[in-house]
Amino acid sequence: MAAIYQAVYRRASSLMCRFHSTYVRKIRYLNDLKEDDSLCRQAQTSGTFYLFHNLSPFLQEVGKQYLVPQVSAAGALEKSVIESELKGSFTDLRKALFVVDQKDSPLLASAQSLLRWHDSHQYCSKTGQPTQKNVAGSKRVCHASGIIYYPQMSPVVITLVSDGSRCLLARQPSFPQGMYSALSGFCDMGENVEETVRREVAEEVGLEVESFQYSASQHWPFPSSCLMIACHALVREQQTEISMNSLELEEARWFDLEEIMKGLKRKPGSSKQEDGSLLPWFPPKQAIAHQLIWEWVKQQTSQLA
């Protein structure tokens, strides 16, 4: 009987701790805001807001830092008035993610993705009738059919390929000049993560993956709200000759540890080679590709220690 009592007591204590958890209270409150229009309207009267214009967030430059001001409801003020009054500017999100604080970048990315989704889902795909969003903007409803639409993300695998002593980075034509990153590609219908990793590496650089390891995941707003699934992939040392798919990539090459360490220290577009081209640099800390590269560096340095 004592054992049963102790088990029940531990379970009750665990539940009480959970219900009093700051995180649990926060998540449940946010969920209530999504579903309860009246509660959301009440929160709007005392809340603060990130400002966007044509999907570009508003930033203030303070000294050498760029800040995202959280302001009270701005009403229907025009773009030029806001920039003048708040002494800042609406900035392209790609540029903003390079300069804002790490706590602001995921919020800006999520906000822009939600705004973009609402802009492209104003009509029901079945009836063609206009859809209406709820106050929180967490869903859209077609009242003609009763269909409820929720924002969705596309799964994308991003893979840092290594042959054991080098890692492979590539450039897409859309990248800023000089920037190299890990390979990435959308998951095809019916694929699991492992199959996508093997296929993407084979398609883009003509290499066969021997083994892979999951690292982490991240929401990324480009090109249109993606869930980035980050992995490390190992290819056979005897089969490392790159056969690049020029339809998808502009360049792909192997980097040794010394090159990677130098590239991580460079600022975007800060250093040029003798021929005038930019020396390689890598994605900012806010991007999960940066995390993959650092994990590879730590693995290499631990092996040398």
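The values are calculated or read from the model by the stated rules, or taken from the named source; none is laboratory data. Keep in mind that what you see is a predicted model, and the values were worked out from it rather than measured. No Cβ is skipped: glycine too gets one built from the backbone with ideal geometry, and neighbour counts run over all protein chains shown.
A few points about this structure:
- When region 94-109 is filtered for residues that are out of contact with any Phe, Trp or Tyr (no Cβ under 8 Å at 6 or more places or on another chain) and either without any contact (Cβ under 8 Å) to a residue 24 or more places away in the chain or surrounded by fewer than 15 Cβ atoms within 10 Å (Cβ to Cβ) (or both), the ones remaining, listed by number, are 95, 101, 102, 103.
- Residue check, residue 206 surrounded by fewer than 13 Cβ atoms within 10 Å (Cβ to Cβ) and small (Gly, Ala, Ser): no
- Among the residues listed as 258, 250, the single one being farther than 30 Å from residue 120 by Cβ and not aliphatic (A, V, I, L, M): 258
- Region 279-305, residues that are in contact with a Pro (Cβ under 9 Å, 6 or more places away or on another chain) and either among the aromatic types (Phe, Trp, Tyr) or farther than 21 Å from residue 214 by Cβ (or both): 281, 284
- Condition met for residue 178 (buried (at least 20 other Cβ atoms within 10 Å of the Cβ) and in the same structural domain as residue 279 (by TED's automatic domain parsing)): yes
- Meets criteria (outside any loop (DSSP other than H, G, I, E, B) and either farther than 24 Å from residue 246 by Cα or in contact (Cβ under 8 Å) with a residue 24 or more places away in the chain (or both)) for residue 143: no
- Considering 271, 302, the condition of being in contact with a Phe, Trp or Tyr (Cβ under 9 Å, 6 or more places away or on another chain), on the phi < 0 side of the Ramachandran plot, small (Gly, Ala, Ser) and without any contact (Cβ under 8 Å) to a residue 40 or more places away in the chain is satisfied by 271 alone.
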